[in-house]
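A quick write-up on the structure given underneath.
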Amino acid sequence: MPASDTSVARRFARTLIRRLGPPAGSAGMVWAALGAVICGLFTGALASRVAWETSRPQPDRAEAGAILAEIFPGHDLGDIDTPPALFVVYAHPVRLGTVKTLLFGDGGEYQESATVAAASGAPPVPAEQTVAVARDRLVSSGWRVYAPQVSDGATCADKVCATPVTVTDTALVARRGDTVLNASISSRGGFDATYLTVEVNRAPPPAVVPAGVLGTVLGAVAAWVVLGWASRRTAGRRSGGTVDVLIGVAMVLWWLPALLTVPLLLRHHLDEPHPAWHPLWEWLGQPTASLLFLVGALCVLLALGVAAGTRRATPTAP
């Protein structure tokens, strides 16, 4: 290789190392590390959500009807409600009008949809028999059946509630292929009481996990580079304090929902059977805390703007 080419390559390598070097100062190092992790998780969640679009549509009436007739024979499940989209907010697809709902307290209503059917009135057989028959038919049909979750409660047999009646509710969860079945069987019976509710939906498609991992890695690297650049550019200058404060506020707004949500979701997963884990964005407290996320994103953009507007140090002559 000619000497000139070697010199150019060395200068490029030194410039690249300087650009991608560690953040300046202890505060810059902390914010860059925290920012790399949380930004990686955010981009991983976004990538996994995009990968969800490779999923098959939710079961239509024909598919759901065949499943229900096979698993719950003798029960009149009435009309089968099919969802309008893969993910919904209050059973409606996400549109411009639902943004307000997501931002101001109801972001938790953003969830995967399901095809639903229900049976009301007096059950034809006791609830225990319904559960036993459903489990036998699920197993014989190739479904993986999880341990039923049974809970007891009480209801009133009359208006004055002089004679409370014990009610047993059983949650039955099963999965076959990419289809998940959730059934709720209650011993409650009556003219307008619902004793059986069944939901059928899709499990996460195979592309979700690799997309999430790749998105997390790329997002973490990008965040480390950008935040490190901002700290080095403003190091030793008055603007450096402003950048540190803005990035620090963003880290609090981004990390706090995740730190509060992870223990709750982990306990939820341990207490109940789950054919599939909750989506990554729910572990980050999103979109429940989407307003905090947007405010944090604004703080980061302001910090980067301050860093970009800071003049580089002019080297002094020896």
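Couplings for the range 253-270, taken from phi via the Karplus curve 6.51 cos²θ - 1.76 cosθ + 1.60 with θ = phi - 60°, read 5, 8, 7, 4, x, 5, 5, 7, 7, 4, x, 5, 5, 5, 5, 4, 5, 6 Hz in order; Gly and Pro are left as x. Evaluating 6.51 cos²θ - 1.76 cosθ + 1.60 at θ = phi - 60° for every residue in the range 59-76, the Karplus couplings come out as x, 7, 5, 5, 5, 5, x, 5, 5, 5, 5, 6, 8, 10, x, x, 10, 8 Hz, glycine and proline recorded as x. Compared with the dominant Cα axis of the chain, that is its longest principal axis, helix 208-233 is turned about 30°. Accessible area of residue 295 (1.4 Å probe, protein heavy atoms only, ligands and nucleic acids ignored): about 60 Å².
Relative to the longest principal axis of the Cα atoms of the chain, the long axis of helix 290-309 lies at roughly 10 degrees.
Let me check I've understood the local charge: for residue 147, count other residues with C-beta under 14 angstrom from its C-beta, Lys and Arg +1, Asp and Glu -1. What total comes out? Please list the in-between numbers first.
On the way: positive: 135, 144, 175; negative: 271, 272.
Net charge around residue 147: +1.
Counting only heavy atoms of the protein chains and using a 1.4 Å probe, residue 185 has close to 0 Å² of accessible surface.
The 1.4 Å probe gives accessible areas that order 227, 259, largest first, as 259, 227. Given in Å, the Rg to one decimal and the Dmax to the nearest whole number for the Cα atoms of the chain are 27.3, 98.
A simple rule links phi to the HN-Hα coupling: the Karplus curve 6.51 cos²θ - 1.76 cosθ + 1.60 with θ = phi - 60°, which for the range 272-283 gives 10, x, 9, x, 8, 6, 5, x, 4, 5, 5, 5 Hz, with x for Gly and Pro. Using C-alpha pairs under 8 Å with a sequence gap of at least 6, the mean separation divided by the residue count of the chain gives a relative contact order of 26 percent. What's the angle, to the nearest 10 degrees (0 to 90), between helix 127-140's Cα axis and the longest principal axis of the chain? Roughly 60 degrees between the two axes.
With a 1.4 Å probe and all protein chains in place, put 254, 229 in order of accessible area, largest first.
229, 254
Accessible-area rank, largest first, for 72, 293: 293, 72, with all protein chains present and a 1.4 angstrom probe. Averaging the sequence gap over all C-alpha pairs within less than 8 Å and six or more residues apart, then dividing by the number of residues, gives the range 211-304 a relative contact order of 38 percent. Distance between the 7 Å Cα→Cβ label points at residue 92 and residue 152: 4.2 nm.
The values are calculated or read from the model by the stated rules, or taken from the named source; none is laboratory data. Note that this is a predicted model, so its numbers are computed, not measured. Note that we place each Cβ from the backbone using ideal geometry, even for glycine, and neighbour counts take in every protein chain shown. Surface areas here come from the heavy atoms of the whole protein model, side chains and all, with no ligands, DNA or RNA. Shrake-Rupley method; radii C 1.70, N 1.55, O 1.52, S 1.80 Å.
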